[in-house]
């Protein structure tokens with residue numbers, strides 16, 4: 001039973017309760033107001049947006065503002081209902097019920113964040129239905145009880161509509177229980193601020209990186225599957241902060257991760273050279 | 001940095017700037033080398049830039065042309081008024097170029113932004129206003145060299161073509177060749193003042209360019225295959241061929257020579273329908289590397305909506321609970337087992353989760369007909385070959401992205417001893433631009449000994465596919481013809497070859513896209529294998545799912561992996 005300890009730890013999801021400083025998030029439009037309104041009304045929230053545009057960071061900032069703990073579950077295609085709700089484990093020869101992250105959030109009134117929820121199997125997401133609508137209840141079959149969500153509980157799921165999971169789409173019945181907030185990449189001036197703050201580079205370098213990122217994003221229609229996200233630009237910025245030249249940093253952090261295709265890579269390298277010319 | 005990008009850096013070819021151009025113009029835009037001494041220009045899909053000028057100037061020129069496209073400066077209504085008025089076009093460019101650059105200044109690389117003259121840019125706020133300024137009597141300074149030039153007629157023909165066949169994707173160099181005459185005509189009214197002093201015959205004069213271009217074309221023509229390769233390859237029972245012109249194929253002689261040198265090849269039998277027996281070791285199949293063609297567009301992910309129907313083919317389970325062995329513990333099963341132990345009964349030992357990633361256990365080999373008959377125009381004006389290539393590309397990309405093992409081979413033949421299979425993408429090749437270049441480099445030539453191609457394709461699939469479910473997809477117009485391989489004989493052999501493959505558990509699917517072959521001929525050739533005639537590639541997505549499923553079902557008997565002869 002060596003796996004038990006690891007399982008039990010894994011069962012909890014990731015809880016962030018640090019109250020050091022507000023996680024850095026710059027609002028772009030009315031997303032903060034929508035989220036807080038939905039939270040107060042006990043509505044569930046669906047975050048849509050491309051990878052690396054700041055969905056998780058947004059939620060961290062919201063959890064900080066609303067003073068709720070945040071439980072994050074990264075969904076994968078093998079996530080079962082038991083992984084979310086909880087299961088019986090053995091402890092000292094006795095079976096013991098251990099709450100899953102969702103149950104814990106329901107009991108404690110935390111924000112439960114299911115990252116990339118489309119990755120989870122559809123039969124798993126059905127457990128969210130009674131929680132996501134007006135009932136705000138979590139039935140736990142195995143315990144034979146139905147939990148009412150504590151005040152402050154909020155269910156948030158995220159998904160990336162452009163992501164290449166074709167078989168997987170969020171069920172309409174799930175979607176319609178949510179309030180959708182669409183996040184995109186921030187406008188250039190905001191993104192410059194973000195890159196400068198997160199990476200600790202000066203404004204000039206941040207502006208250059210952002211301009212490069214924005215140019216690469218315009219390639220989305222032409223065959224590039226994934227474009228340079230804010231996260232990628234921050235990574236490049238952090239390399240610059242370590243003393244690498246912007247070109248080196250961008251090649252390593254932007255061109256490399258985006259594609260394996262040598263022609264596309266050389267095209268990107270060319271763009272990097274042009275945009276980040278000294 | 002990987003070696004390939006270091007290499008690309010060294011070579012100063014303007015193609016490298018394609019991504020930059022696409023990014024600035026926010027559309028798929030290629031960059032190709034234009035004539036030496038020529039000012040940069042674009043036809044809306046390709047920017048032509050002199051490869052001999054230095055890199056910095058190339059970047060400026062490409063950025064200006066891409067900005068013009070991005071800012072709507074080259075929209076039809078404006079461009080139409082510039083045709084045959086080169087002086088006006090120059091004045092328009094002088095104003096509009098600055099406006100276009102200024103309009104998207106935020107997106108431009110720092111070096112390019114220095115080109116903007118904000119005084120000039122302020123004179124107009126739209127293409128129409130720039131045109132008005134160009135038409136007025138105000139003095140307009142000549143545009144700097146880096147602005148290149150506007151070739152109105154090219155833009156219009158290109159736009160018209162794009163309108164008439166919005167889904168047609170052709171590559172730049174081929175189009176360039178088609179345009180030779182139009183280009184010559186326009187060069188004349190462009191009044192290339194800079195060339196006044198160069199010799200009219202050699203070098204850069206109009207006549208010299210004319211000669212150069214004529215010679216270039218001739219050189220391409222005389223590279224044909226063996227005598228007779230250009231002759232029509234078959235009689236057809238279908239009466240609806242639109243193209244009555246003789247079939248012209250421009251294959252390269254080099255392939256034959258290579259084939260002659262490399263005599264090693266795989267031998268395959270052939271079914272002789274007249275004597276009702278096999279001719280052993282009758283055909284020799286060689287694998288010949290196809291010639292890549294530069295400047296082809298990036299592959300487009302899911303171009304024809306094939307991914308969704310193909311994705312639904314996934315069958316089987318991936319994780320198995322309550323197994324006796326496995327890589328993870330099935331907690332629920334363990335708990336039950338422990339409970340049973342506590343209760344004093346014998347527990348079930350199957351407490352593991354086994355991961356069997358058999359979800360998409362499929363390898364697909366696409367066999368593309370690259371014989372001369374495919375060069376005939378199909379129903380939509382595109383040749384059968386172009387449509388087949390587009391379909392092959394779309395299928396390859398879709399299957400690859402779904403995680404299947406895919407290979408793409410093209411075939412043609414010149415008699416039984418020279419059946420050639422050209423690996424465009426082998427099973428272990430990644431899907432990248434090199435694959436697309438090889439695919440676009442295919443030239444339909446010679447004949448098709450379909451049976452031998454199918455036998456080799458099936459053998460490769462069984463050898464290297466590596467999965468228990470295998471599918472051979474033949475993209476062909478259904479016309480089997482070669483020396484000593486007349487249609488009836490060929491059809492019987494092809495039918496036989498498909499049956500052999502299916503007996504060994506390889507599913508077969510034959511697709512005829514855009515060809516005019518009638519259903520009866522197809523049935524003769526493909527027999528009881530799943531086959532379909534699809535008028536245009538756009539319709540492929542509707543039928544591909546059921547076709548794949550039907551084909552796989554017909555061969556879905558568990559077979560050993562290497563069940564070869």
Q) By count of other Cβ within 10 Å, fewest leading, how are A:88, B:147, B:320 ordered? A) B:320, A:88, B:147
Q. Listing B:117, B:482 from the residue with the fewest other Cβ atoms within 10 Å to the one with the most, what is the order?
A. B:117, B:482
Q. Once a ≥ b ≥ c are taken as the square roots of the eigenvalues of the Cα gyration tensor of chain A, is the result rounded (a/c under 1.5), prolate (a/b larger than b/c) or oblate (a/b not larger than b/c)?
A. prolate
Q) Counting pairs of alpha carbon atoms under 8 Å apart in space and at least six apart in sequence, what relative contact order in percent does segment A:188-275 give? A) 28
Q) Can you give the convex hull volume of the alpha carbon atoms of segment B:443-565 per residue, in Å³? A) 111
Q: Pop the C-beta distance of residue B:291 and residue B:464 into the FRET formula with R0 = 30 Å and round what comes out to the nearest 0.05.
A: 0.85
**Q.** Separation in nanometres of the label points that stand 7 Å from Cα toward Cβ, at residue B:75 and residue A:94
**A.** 7.6
Q) Taking only DSSP H segments of four or more residues, each worth -39500 (n - 2.57), what value at 222 nm results for chain A once the sum is divided by all its residues, to the nearest 500 deg cm²/dmol? A) -11500 deg cm²/dmol
**Q.** Among A:77, A:115, A:172: highest mean-square fluctuation, GNM of chain A, C-alpha pairs under 10 Å
**A.** A:172
**Q.** Cα-projected label distance for residue B:13 with residue A:241, points at 7 Å along beta-carbon direction, nm
**A.** 4.1
Q. What is the extension gain from residue B:129 to residue B:321, computed as 0.36 nm multiplied by their sequence separation minus the C-alpha to C-alpha distance, in nm to one decimal?
A. 62.0 nm
Q | B:554, B:73 arranged by Cβ crowding within 10 Å, fewest neighbours leading | A | B:554, B:73
Q | DSSP bridge orientation in segment B:415-565 - percent antiparallel, rounded to nearest 5 | A | 15
Q | Peptide B:102-110 - average C-beta neighbours from other chains (10 Å radius) | A | 4
(Q) To check you understand DSSP bridge types, tell me what percent of the beta bridges within chain A (both residues inside) are antiparallel, rounded to 5. (A) 40
**Q.** Calculated FRET value between residue A:65 and residue B:105, using beta carbons and R₀ = 51 Å, to 0.05
**A.** 0.85
Q. What's the angle, to the nearest 10 degrees (0 to 90), between helix A:203-217's Cα axis and the longest principal axis of chain A?
A. 80
Q: Report the full-extension gain for the segment residue A:173 to residue A:122: residue separation times 0.36 nm, less the Cα-Cα distance, to one decimal in nm.
A: 17.3 nm
Q.
Quick check: Cα centre of segment B:493-546 to Cα centre of segment B:42-114, how many Å?
A. 48
Q.
Based on alpha-carbon centroids, what's the gap between segment A:22-74 and segment A:234-252 in Å, whole number please?
A. 29
Q: Return the FRET efficiency for the residue pair residue B:348, residue A:189: r is the Cβ-Cβ distance, R0 is 56 Å, and the value is rounded to the nearest 0.05.
A: 0.35
Q: Once you have a ≥ b ≥ c as the square roots of the Cα gyration tensor eigenvalues for segment A:121-278, tell me rounded if a/c is under 1.5, and otherwise prolate or oblate according to whether a/b is larger than b/c.
A: prolate
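None of the figures in this text is laboratory data; all of them are computed from the coordinates on show. Source: prediction; values computed, not measured. Every residue, glycine as well, gets a Cβ built from its backbone with ideal geometry; the counts of neighbours run over all protein chains shown.
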